[in-house]
Amino acid sequence: MQEFLQQVISGVASGGIFASLALALVLIYNAMGLVNFAQGEMAMMATFIAFTLITRGVSYWIAFPVTLAIAFAGGIAIQRIVIRPVERAPLLTLVIITLGLATLLNGLAGAIFGYVPRSFPSPFSVQTVDILGAFFSFRDLGVITVSAAVLLLIYLLLQRTTVGLTMRAAAHHAEASRLLGVRVSWMLALGWGLASAVGAVSGIMVAPIILLEPNMMQTIIIYAFAAAVLGGIESPLGAVIGGLIVGVTVNLAGAYLPFVGGDLQLAVALAIIIGVLVLKPNGLLGRPTVRRV
Amino acid sequence: MALLELEEVRAGYGPTSVLHGVSLAVPEGQIVSLLGANGAGKTTTLRSITGGVRWTGDIRFDGRSLRRMHTEDVVRLGIAHVPEGRGILTELTVDENLKLGSHLRRDGPAVRKDYDRVFEYFPVLRERRRLSASTLSGGEQQMLALARAFLMKPRLMLLDEPSLGLAPMIVRAIFEIIRTINGADRVAILLVEQNARLALDVSSEAYVLEVGRVAVRGASDELQGNESVRRSYLGY
């Protein structure tokens, strides 16, 4: 029982990481109906920035918000420079552009930082604490706390502020929003900035666990896709729930199904993607597509 | 000088031109009707004003040319456009839709008063504040669109067929409020309507469009009394 509880908590911790990246995907999907395949590489780039700051002697808890700010600005810059000129292009063009962006960022990171995996510091110790007879690592609890705080902040921003309201309006119905004075194009840029910052959180949280290198997000993004699809790709709350479910499922499968072990965890995520697409294509919280004709 | 002036406006969609030189004026505080058959260019005229379609000629609001201006900047000058189909954001709640109307205003106390007035005009919106706008009936959505436009505190409202698809009783209520908004707040209104009788009733002046040109222009009561205009253009 205790071991089960430990596995669940550790799954929730990975789930928080997946949820952050999934939320980043959902933010951009909502804004432009596009899955941003560069999201993982953007997060990886941000993590390298955090790494650079920390190795230069900046303390972790200063480097963290500074990196998020840089990621935010970088997301806006990418939208303005790369995406905006082709905003009206067919979806496939945009998808190819995000794939190109992913390759570009990956190569850039390799050229600047090299491909040797590096250990990334975690502010949380790997020691465990005994709660109700089960042992939880401070690292898992710390990751859960940070992810929860970030997700809560995003929720409050989107649901409780005027900027959040205009962002949602611009995402759902650009033309009607313009008629209400909403600067739609800037709202989309803001969406990219926000997505980039949330994604960066996932990178920084996962790097201490899987080591920092240019390809580090390539498996994480699959889990994030699974989370986003499971939650309903349009639903921010769904992304969070999806992230938690994927995290826990993958962890439990790895621990209790001998044939899965550590090697086939990614296959579990892929199975979730396929299962959702076959059984419930709109995900848990996604709205069925209804069109009036 | 009128509040809104269109001068020889030509506009269209791609290679199809819809307006072939429309000139009209909406004086400060007045209601002006824009009538005509389907496809005459009424909606395109409104869309030209708020930059939803490319146009040539000139459009001036309060003496200032709107040429090359983006929709959101035109709107920020004080023009509220209730488009064809009402422009309700159905993914959001009634309250959020209303907030989008007032989100640019900085006069807090006046905004609160205007909300009170909105709920006085449309009590049903107060009851449904927290519900998704998609749950509203057609008439309620029209009320929401009008209320939201009112909360923008515009100097000019562009209303595209507010009576479309609504029961006669609701249409009467909505037109009563259009009249009130115009009377109490001196909001000028350019009203596009299929229902010519109703439109001529509330407006002081009217234009009849025919295939992208102004075919008839005159005081509303004169057009109402002119049988040949009524028969050939207004269909009643």
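One table, with the values for the structure above:
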| quantity | calculated |
| --- | --- |
| Candidates B:GLU91, B:GLU140, B:GLU84, B:GLU96 - the one that is part of a helix (DSSP H, G or I) and within 13 Å of chain A (Cβ to nearest Cβ) | B:GLU96 |
| Residues (of a type outside the set (A, V, I, L, M, F, W, C), touching a residue at least 60 places away in the same chain (Cβ under 8 Å) and not in a helix (DSSP H, G or I)) located in the range A:123-173 | A:PRO123, A:GLY133, A:SER137 |
| Residues of the range A:129-164 classified as within 14 Å of chain B (Cβ to nearest Cβ) and either among the charged types (D, E, K, R) or touching an Asp or Glu at 6+ places or on another chain (Cβ under 6 Å) (or both), total | 1 |
| So A:MET45, is it surrounded by fewer than 24 Cβ atoms within 10 Å (Cβ to Cβ) and in contact (Cβ under 8 Å) with a residue 60 or more places away in the chain | no |
| Exclusive hit being over 15 Å from the mean Cα position of the chain (by Cα) and at pLDDT below 95, set A:GLU234, A:GLU175 | A:GLU175 |
| The one condition in (1) more than 17 Å from the chain's Cα centre (by Cα); (2) of a type in the set (A, V, I, L, M, F, W, C); (3) at pLDDT below 95; (4) crowded, with 18+ Cβ neighbours inside 10 Å that A:PHE51 fails to fulfil | (3) |
| Selection from the range B:175-222 of residues that are outside any helix (DSSP H, G or I), among the aliphatic types (A, V, I, L, M) and under 16 Å from B:LEU158 (Cβ atoms) | B:VAL187, B:ALA188, B:ILE189, B:LEU190, B:LEU191, B:VAL192, B:ALA206, B:LEU209 |
| The lone exception for A:VAL260 - which of (1) away from every other protein chain (no Cβ under 14 Å); (2) more than 22 Å from the chain's Cα centre (by Cα); (3) in a helix (DSSP H, G or I); (4) of a type in the set (A, V, I, L, M) it fails | (3) |
| Members of the range B:62-76 found to be in contact (Cβ under 8 Å) with a residue 40 or more places away in the chain and either within 12 Å of another protein chain (Cβ to nearest Cβ) or within 22 Å of B:LYS42 (Cβ to Cβ) (or both), listed by number | B:VAL75 |
| Failed criterion for B:PRO27 (all others in (1) surrounded by fewer than 23 Cβ atoms within 10 Å (Cβ to Cβ); (2) within 14 Å of chain A (Cβ to nearest Cβ); (3) not hydroxyl-bearing (Ser, Thr, Tyr) hold) | (2) |
| Residue within the range A:181-190 that is basic (Lys, Arg), buried (at least 20 other Cβ atoms within 10 Å of the Cβ) and either within 14 Å of another protein chain (Cβ to nearest Cβ) or touching a strand residue (DSSP E or B) at 6+ places or on another chain (Cβ under 7 Å) (or both) present | no |
| Residues satisfying the stated conditions in the range A:223-274, i.e. on the phi > 0 side of the Ramachandran plot and surrounded by fewer than 22 Cβ atoms within 10 Å (Cβ to Cβ) | A:GLY261 |
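The values are calculated or read from the model by the stated rules, or taken from the named source; none is laboratory data. In this text, all values refer to a predicted model and were calculated from it rather than measured experimentally. As a convention, Cβ positions derive from the backbone with ideal geometry for all residues, glycine included, and neighbour counts pool all protein chains shown.
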